[in-house]
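The values are calculated or read from the model by the stated rules, or taken from the named source; none is laboratory data. This is a predicted model, so every value here is computed, not measured. Note that each Cβ is placed from the backbone with ideal geometry, even for glycine, and that neighbours are counted across all protein chains shown.
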């Protein structure tokens, strides 16, 4: 696949949102810290100062950005399989996703959660690592995305090995791309509402060790990844053209209205006394799907409209975005930890954490890439 600046820059922009998301979690009004069981806290570090607008940022991001990341990741799967073959593709994916994942869950995750342990009552008992790597406690933090993406890639690669022409048969054509909204919305509704009715939103699937994922979104994420795969199997420049995404300003309004409705129902409860819980769950899942679909497609349309020319700084961010995702959490939690006792308003603590984590992880990634490239050459 030839480079698509709009998609590249959108992917790195979502990575920046991920950093901002984690930087904000210490300062939302709903965040809480459990000193008895620090791993049950909403975030590794939770400050006493709060800023309510960060609640909106967290909720807004949670509506769409992980689904969009799986979609974007899926766009590059089909061209890679067609070019390399399923076997070589899978080998490359294991190296690119599996090795960083192992490093993240064994080295980076303990570093990121150590400040949380220092603030807990468990610090008097010692043995941080033994407790961290205990069954049903061990977590990889944001690295869960890597193992799940690798699992999706494995499923697609094996399927293509069995059915070699699958990508060509299921690729999106320019005519079918005109129904982007309809297809995305239908798939989203079908993969969220039935699951949401039987799976609580707070339930996570823990397979073994740090292999975990939010249960009710598993099928939803997989469906968005597959839609990315099928889009990438066709002419991406045509299927995700400006013409097919030209209504993005309207979509962002529609997504915002659904987001607002979801928030009102979630916070205020139902407006009709005695409404069955299954109806509320259905409405919440539907509004979530609507909001995610319209906001994500609007983001694609925005990127296609405004990300047209390459820029040095944007190219640097794009080239280092993967490393930023992997490393940023350590810088986030330690910055938040050192700011705990500072008499600084929450908004400034958030900005300091965000800028520090983004800059530090960016520089570290660039340095590592340059070092590795130098050794290879």
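Some points to look at:
- Residue pairs meeting the criteria (Cβ under 7 Å; at least 6 apart or on separate chains; first without any contact (Cβ under 8 Å) to a residue 24 or more places away in the chain and at negative phi, in the stretch 44-71; second outside any loop (DSSP other than H, G, I, E, B) and crowded, with 23+ Cβ neighbours inside 10 Å): 46/26
- Screening the stretch 156-265 for helices (runs of 4 or more DSSP H) wholly inside it with 3 or more residues that are within 19 Å of the chain's Cα centre (by Cα) returns the ranges 180-198, 218-233.
- Qualifying residue in the stretch 185-199 (condition: over 20 Å from residue 282 (Cβ atoms) and touching a helix residue (DSSP H, G or I) at 6+ places or on another chain (Cβ under 8 Å)): no
- Any hit, the stretch 308-324, residues being buried (at least 22 other Cβ atoms within 10 Å of the Cβ), over 30 Å from residue 250 (Cα atoms) and in contact with a helix residue (DSSP H, G or I) (Cβ under 7 Å, 6 or more places away or on another chain): yes
- For residue 103, the conditions (1) closer than 20 Å to residue 357 by Cα; (2) touching a helix residue (DSSP H, G or I) at 6+ places or on another chain (Cβ under 7 Å); (3) part of a helix (DSSP H, G or I) all hold with the exception of (2).
Residues are listed down the side, and each one gets a yes or a no for (1) part of a helix (DSSP H, G or I); (2) surrounded by fewer than 18 Cβ atoms within 10 Å (Cβ to Cβ); (3) out of contact with any helix residue (DSSP H, G or I) (no Cβ under 9 Å at 6 or more places or on another chain); (4) at pLDDT 95 or above:
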site: 330; (1), (2), (3), (4): yes, no, no, yes
site: 335; (1), (2), (3), (4): yes, no, no, yes
site: 341; (1), (2), (3), (4): no, yes, yes, no
site: 347; (1), (2), (3), (4): yes, yes, no, yes
site: 350; (1), (2), (3), (4): yes, no, no, yes
site: 357; (1), (2), (3), (4): yes, no, no, yes
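- Any hit, the stretch 107-121, residues being outside any helix (DSSP H, G or I) and either under 26 Å from residue 13 (Cβ atoms) or at pLDDT 95 or above (or both): no
- Condition met for residue 140 (surrounded by 21 or more Cβ atoms within 10 Å (Cβ to Cβ) and within 23 Å of the chain's Cα centre (by Cα)): yes
- The requirement of being modelled with pLDDT under 95, surrounded by fewer than 20 Cβ atoms within 10 Å (Cβ to Cβ) and assigned to a helix (DSSP H, G or I) is fulfilled somewhere in the stretch 36-51, by at least one residue.
- Of everything in the stretch 22-33 that is touching a residue at least 24 places away in the same chain (Cβ under 8 Å) and surrounded by fewer than 21 Cβ atoms within 10 Å (Cβ to Cβ), the residue that is farthest from residue 235 (Cα to Cα) is 33.
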